[in-house]
Structure formats: C-alpha cells, structure tokens
Amino acid sequence: MRAAPSSAPQAPPETAPLRILLVTAGAGGMYCGSCVRDNALATQLMARGCDVSLLPVYTPTLTDEANVSGDRVFFGGVSVYLEQKVPLFRHTPALLDRIWDSAPVIRALAGRSVSVDPASLGELTVSTLRGEGGFQGKEIRKLVRWLRQQPAFDVINLPNALLISLAAPLKAALGRPVCVTLQGEDLFLEGLPEPHRSESMRLIAEQSGGVDAYISVSDYYSDYMAGYLKLPRERIHTVPLGINLEGHAPRPEPETRPFTLGYFARIAPEKGLDVLAAVYRILRRDLGLPPSRLEAAGYLSRDHEPYLAKVERDLAEWGLRDEFRYHGVVDRSEKIRFLQGLDVLCVPSPYAEPKGLYLLEALANGVPVVSPRHGSFPEVIERTGGGVLAEPGRPESFAEQILGLWRDPERRRQLGRRGAEGARKHYGAARMAERALEVYSTLAATRQPAPR
C-alpha cells in the first residue's frame, strides 16, 4: 500500500538570495546624504542575506560609517569631464582610461573642491542624459562590458534620474529589471540654465520607458516627482529614508548650559543658515531670549565660503557674532556629540527637501526640531512627534516656535523623547531595507532571462 501523505508542514524550498546592483553617485570630498543613505541601505540588505554590490560612479563615496562600496569607479568624474571638453578622450583606449579612472586620481582632483554648481554643468548634464548618443557613450559601454563579466544580478538600482540614460542599455544588455531612486534631482535641475534645464527634463521623461520602477525617499517626493518629471505615478514606490541608529541616543540636558540652537546641514543658501541667523536676531533682539548659543556644522564648499562670511558679518553687525560658532565638517562621533549638545535643531531650508537626513539624526538623539512646513518635513514630524512646524519664508514664525520651546523645557524633553522613539520606529536603516527588499523582490520575480 502507498503510505498516506504526511500532515506535517513542509519546509518551503530554499531560494537563492537576491543579487542586487546598487549604483551610488559619489560627491567628491563631501559627506553626501545620498551616499550615506545608499551605503546604509546596502549594509542592511547584506545583513538580510542579499548579495549586494555597491558600485560608485563619478567619484569614490565618502560616508561617516563603514563604507561597503566597491573600489572601482565608473563614469569617473575626470573621464566624464575630459570627454565633454576634448573630443580625443571620447576614443582613448581602456589602458589609458584606467589612469584617470583610478580612485586615487579622482580623489586627488575631487579634493581641490572643483565647483559642482549646476549653472556651469548644463552641457555636460544634457550630454550624459543622451546616453549612448552623448559624448559619454564610451562610459556606458565600459560599464556594460564589466557587468557582463559578473555573475548575473537580479535587480539593478540607479541612484538618481540624472543617470536614467543607463536604464535602457543595461536592461537590453543584461535582461534584468532596472529601478531608479528619486532623492533630490529637482534642486540640481532647477539650477541648470536654459535651454539645458528644459532639454534635461525632456530627456528624463523620454527615457522613463526603460525604467521598471522608481524608489522615492518620501511620500512627498513620490507625488512631487510624478508631476515634475511627468513620471508614471503607479511605478513610484516610497521607501522612507533610514539611518544607522548605532551610537545615537538621547542625553540628559545639562542644567547650567545656555540655551543652544543648532544647525546641521550643508552650508548653502538652499539650506537656510542665513535665515536661521535672522531668526536668532529676532529671538535675541526682539523676543527677549537671553544670551544663548547658535551652533552650526556641515560641509562648506569653496563656492559657498562667501555665503558663510556674509552670515558672520551680519551676526557681527547685530552684536551676536560671539554667540555663533561654525564647527566645520564633523565625522560620525563628532556629529553625535554635536547633536547631543543642542536644545533645538532648526534648518529653515527654503528648498522643499525630499530627505532631511539631519532631521532624523537630531531626532534619534532626542533633540526636538523646528522645521519648515513643506517638503518631507511634515510627514517626518507627524510620524515621529518630535518637533513643530513653522511657515517657510517667515523668520518670525520660526522665532516664535523656538521661543515657545525655550520657555517650556518640559515640552522640549517630551518632544525629544517622542522623536527618539519615532525615529527608531519609522526611520531606522533596517526598516528602509525591509521596504526596499519588498520592491526588489517584486521586480526580480518579473525578470527576463539574461541575454547570452
């Protein structure tokens, strides 16, 4: 007789871990929020058993935690620039390319703080977006050749829409689904001069057919970019930003320290340090805040040194220069120490930001935040309960909210506790990886056999 089938549950067949290619765009010598985000995502995907290659383009990446990106850089910033300016370099052999594509050469030149102002990069941006028809077509061919020598990937993730021209060639060559992360391209595009801005946006929309899915870092940006770039909304998936929470922890507020208002972001007009200086003036000269501290930290490019100098001159004119300190660029341990020394963080960004990484880092350290009522900030405040919103473009609105928190230390502490809990619940890198893996798994299930 045939034995009766067992009623015990059967273990599901083992499946191979997803093999994922994450392309990440280096930013030279700057701690870049997108690089930090991509590195944290790769690290957490690896912890979940995925086989991940984090591949830098333009320059090697700089992060303030363990960097898991590869050593080889594609679309090297030196090559891309030379190909744009000198026709000869569009045809040089690979042996020569390896010289200026090497990480040490790229780092050495990136360390000179070459301007990345979009106002001077219009022609290069358009050429790159033309893909194989642009002056950087050789770079696409080099990348395809290298990828064909690697074990097949299940999913390819490009770092932003400015590299969307890679989608169709990679999909055609490798037969794998391609997704594109959306994480701040509008700021760069808005800085391009015409006709390069309009042409860039046309090329991005035109090439969206080669993309299987988009990953946006916030609900706000999912909706915004669908309209801004005329992308199919149904293909945009929100994977909320996440941070590595290790080392972040609230600290008791010292009783003897003067009230300390902090700014932690890139030193640039779109982040609003000049606005915060005006807010501090209102607090001190009009609203009765006693002598306090205004502390700032973040990357300062050579292009923006005059901007910081103007902020310092304004504070000196108002008699407040001695209450201000710029700490420069800080590493991870210095960053945590800086944030833990604040009573309130305020980055009154005129730009409606899709990410706001610094906001999550402040919240993770129990620091309440005062943020503009636009971009991704309202959804972060709503989810975490760790701060209050002010009206963009109105320094007096920020001043009133900050003054209220100064007057009510218990409310500050309560917001800090909520923010720390909310950041851990909603914005840890582990949560980001779980959501990304859902998107990748769905895409991988639809992949086609790789071309031979």
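The values are calculated or read from the model by the stated rules, or taken from the named source; none is laboratory data. This one's a predicted model, so the numbers in the text were calculated from it and none came from an experiment. Neighbour counts run over all protein chains shown; Cβ positions are idealised from the backbone, glycine included.
Key figures for this structure:
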{"quantity": "Options Pro159, Pro252, Pro258, Pro177; residue that is surrounded by fewer than 15 Cβ atoms within 10 Å (Cβ to Cβ), in contact (Cβ under 8 Å) with a residue 12 or more places away in the chain and either in contact with a strand residue (DSSP E or B) (Cβ under 8 Å, 6 or more places away or on another chain) or not assigned by TED's automatic domain parsing to the domain that holds Gly298 (or both)", "calculated": "Pro258"}
{"quantity": "Options Tyr214, Tyr221; residue that is assigned to a strand (DSSP E or B), more than 15 Å from Ser127 (Cβ to Cβ) and of a type outside the set (A, V, I, L, M, F, W, C)", "calculated": "Tyr214"}
{"quantity": "Any hit, the range 347-357, residues being over 15 Å from Ala265 (Cβ atoms) and assigned to a loop (DSSP other than H, G, I, E, B)", "calculated": "no"}
{"quantity": "Qualifying residue in the range 381-400 (condition: over 24 Å from the mean Cα position of the chain (by Cα) and farther than 28 Å from Tyr220 by Cα)", "calculated": "no"}
{"quantity": "Within the range 299-322, considering residues that are touching a residue at least 40 places away in the same chain (Cβ under 8 Å) and of a type outside the set (Ser, Thr, Tyr), the one nearest to Pro118 (Cα to Cα)", "calculated": "Asp303"}
{"quantity": "Checking Val330 against (1) part of a strand (DSSP E or B); (2) over 20 Å from Ser397 (Cα atoms), the condition it does not meet", "calculated": "(1)"}
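Residue-by-condition table, conditions (1) crowded, with 21+ Cβ neighbours inside 10 Å; (2) at pLDDT 90 or above; (3) under 30 Å from Ser333 (Cα atoms); (4) not hydrophobic (A, V, I, L, M, F, W, C):
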| position | (1), (2), (3), (4) |
| --- | --- |
| Gly70 | no, no, yes, yes |
| Gln84 | no, no, no, yes |
| Trp100 | no, no, no, no |
| Pro104 | no, no, yes, yes |
| Val114 | no, no, yes, no |
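Listed here are the residues, each with its yes/no results for (1) out of contact with any Cys (no Cβ under 8 Å at 6 or more places or on another chain); (2) of a type outside the set (Gly, Ala, Ser); (3) modelled with pLDDT under 95; (4) farther than 19 Å from Arg417 by Cα.
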{"residue": "Tyr358", "(1), (2), (3), (4)": "yes, yes, no, no"}
{"residue": "Ser371", "(1), (2), (3), (4)": "no, no, no, no"}
{"residue": "Gly375", "(1), (2), (3), (4)": "yes, no, no, yes"}
{"residue": "Glu382", "(1), (2), (3), (4)": "yes, yes, no, no"}
{"residue": "Glu391", "(1), (2), (3), (4)": "yes, yes, no, yes"}
